[in-house]
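Trainee: Let me give you the structure first, and then I'll get to my questions.
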Amino acid sequence: MIPKLRNKYRPDFIIANGENSAGGRGITKAIANQLFEWGVHGITMGNHTWDNKDIFQFIDEEPRLIRPANFSPGTPGKGAMVLKENRKELVVINLQGRTFLPPGDCPFRKADELVEQYASEHRFILVDFHAEATSEKIAMGWHLDGKVSAVLGTHTHVQTNDDRILPEGTAYLTDVGMVGPRDGILGMEKTAVLHKFTTQLPARFEADGGKWHFHAVYMEFNDSNGRAVKLEKIRIQEEDYWME
Ligand SMILES: [Fe+2]
């Protein structure tokens with residue numbers, strides 16, 4: 001999809017959430033490098049950051065990959081990065097919610113801390129708020145309105161339909177959605193997930209091998225003040241891709 005979308009939108013930066021890219025469980029160095037090779041500039045993570053132990057081998061050396069900034073102090077990796085491309089700079093901040101997810105430090109206070117750290121020297125700040133509850137994500141959107149260029153939610157795998165530019169100029173979407181298998185349950189093969197729901201017995205999930213779908217957003221920010229001027233949802237099904 002990347003060459004196709006790059007031709008259409010000509011983006012300065014492409015950011016991907018990669019926490020499920022290793023078959024639904026974390027990321028490996030080989031997969032991260034493959035994403036970079038395909039044209040991704042920066043990778044964010046989430047609650048599955050540590051699922052694949054490969055990450056411990058490279059997270060501290062890889063400047064283009066971040067994990068949630070509100071993980072405990074001392075955790076490997078970092079929670080924000082500055083990407084540079086063609087004399088343009090983009091700050092990316094990764095945060096994780098605390099509702100229906102493992103406890104972490106306060107994402108709102110951590111957001112304030114990082115925005116304060118970067119805002120004086122950087123106009124464009126993108127926040128990936130990896131969280132389950134729509135309320136917590138909407139709260140983060142309002143909390144950061146006017147302070148960052150965009151607050152995008154990830155984690156639920158379901159693209160929401162509430163894209164908007166908030167009054168002070170922050171692009172907001174509760175969830176970007178997912179890239180991967182469409183006909184399973186959040187990307188996993190559905191029989192095992194259904195079995196778990198109906199029996200409440202433990203089960204091992206594998207990535208579904210069926211048709212895929214691709215969710216993303218395209219955004220434009222005002223060059224002089226960093227405010228968002230455009231937020232467009234992208235949702236492509238495997239069938240549509242081949243028809244185009
Ligand atoms: Fe997640």
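The values are calculated or read from the model by the stated rules, or taken from the named source; none is laboratory data. Since we're looking at a predicted model, the values are computed, not measured. Counting neighbours? That spans all protein chains shown, and the Cβs are built from the backbone with ideal geometry, glycine included. All accessible areas refer to the heavy atoms of the entire protein, side chains included, with ligands and DNA or RNA removed. Shrake-Rupley method; radii C 1.70, N 1.55, O 1.52, S 1.80 Å.
Trainee: Within segment 39-156, which helices (runs of 4 or more DSSP H) (wholly inside it) include 3 or more residues that are closer than 24 Å to Lys233 by Cα? Break it down stepwise before answering.
Mentor: Details: elements: 55-58, 107-119, 134-144.
Those helices (runs of 4 or more DSSP H) span 134-144.
Trainee: Can you name the residue in segment 143-159 that is among the hydrophobic types (A, V, I, L, M, F, W, C) and buried (at least 20 other Cβ atoms within 10 Å of the Cβ) and is also nearest to the ligand (Cβ to nearest atom) among such residues?
Mentor: The first filter runs over segment 143-159 and keeps only residues among the hydrophobic types (A, V, I, L, M, F, W, C), leaving 144, 148, 150-152, 158.
Checking which are buried (at least 20 other Cβ atoms within 10 Å of the Cβ) leaves us with 144, 148, 150-152.
On the way: Leu144: 20, Val148: 21, Ala150: 19, Val151: 16, Leu152: 13 Å.
That would be Leu152.
Trainee: Please give the number of the condition Gly184 fails out of (1) touching a Phe, Trp or Tyr at 6+ places or on another chain (Cβ under 8 Å); (2) within 16 Å of the ligand (Cβ to nearest atom).
Mentor: (1)
Trainee: Which residues, counting only those in segment 72-90, are under 16 Å from the mean Cα position of the chain (by Cα) and either open to solvent by 70 Å² or more (accessible area, probe 1.4 Å) or under 18 Å from Arg109 (Cβ atoms) (or both)? Even if it seems obvious, please write down each step before you answer.
Mentor: Taking segment 72-90 as the starting set, the residues that turn out to be under 16 Å from the mean Cα position of the chain (by Cα) are 78-83, 90.
Lys78, Gly79, Ala80 - these are the residues of segment 72-90 that are under 16 Å from the mean Cα position of the chain (by Cα) and either open to solvent by 70 Å² or more (accessible area, probe 1.4 Å) or under 18 Å from Arg109 (Cβ atoms) (or both).
Trainee: Have a look at Glu132, Glu116, Glu121 and point out the one that is open to solvent by 10 Å² or more (accessible area, probe 1.4 Å) and touching a Leu at 6+ places or on another chain (Cβ under 9 Å).
Mentor: Numbers: Glu116 fails: touching a Leu at 6+ places or on another chain (Cβ under 9 Å); Glu121 fails: touching a Leu at 6+ places or on another chain (Cβ under 9 Å).
Of the residues listed, the single one that is open to solvent by 10 Å² or more (accessible area, probe 1.4 Å) and touching a Leu at 6+ places or on another chain (Cβ under 9 Å) is Glu132.
Trainee: Filter segment 31-71 for residues that are of a type in the set (A, V, I, L, M), within 16 Å of the ligand (Cβ to nearest atom) and open to solvent by less than 10 Å² (accessible area, probe 1.4 Å); which is farthest from His157 (Cα to Cα)?
Mentor: Among residues in segment 31-71 that are of a type in the set (A, V, I, L, M), within 16 Å of the ligand (Cβ to nearest atom) and open to solvent by less than 10 Å² (accessible area, probe 1.4 Å), the one farthest from His157 (Cα to Cα) is Ile55.
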